[in-house]
1. Enumerate the pairs (first residue in region 21-47 and aliphatic (A, V, I, L, M); second residue anywhere and within 10 Å of the ligand (Cβ to nearest atom) and not in a loop (DSSP other than H, G, I, E, B)) with beta-carbon separation below 7 Å, excluding pairs fewer than 6 apart on the same chain, so at least 6 apart or on different chains.
2. Filter region 1-27 for residues that are within 14 Å of the ligand (Cβ to nearest atom) and either at pLDDT below 90 or among the acidic types (Asp, Glu) (or both) and give the result.
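The values are calculated or read from the model by the stated rules, or taken from the named source; none is laboratory data. Owing to the predicted nature of the structure, the values given are computational and were not obtained by experimental measurement. When we count neighbours, we look across all protein chains shown, and the Cβ atoms used for this are built from the backbone with ideal geometry, even at glycine.
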Amino acid sequence: MPSEPPKGAAPGKAGVKKCPICGKPATDASKPFCSERCRDVDLNRWLSGSYVVPGRPEADEDADQ
Ligand SMILES: [Zn+2]
């Protein structure tokens, strides 16, 4: 009898957080965000004094230069 757990249901990497802005997997360069864009969006929200999600469409873009 196989003693190993079934493969396929488990995620590839453990500890990979999702971007709190758009929900995409965070990158190592901009973690815990997926990109510098989302990191900047998060920063601006804190600086604005109100950490609220207005639902801007620009947060959904993932255009990396
Ligand atoms: Zn993001």
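1. Ile21/Cys38; Ile21/Val41; Ile21/Asp42; Ile21/Ala59; Ala26/Lys18; Val41/Ala59
2. Of region 1-27, the ones within 14 Å of the ligand (Cβ to nearest atom) are 16-27.
Correct list: Val16, Lys17.
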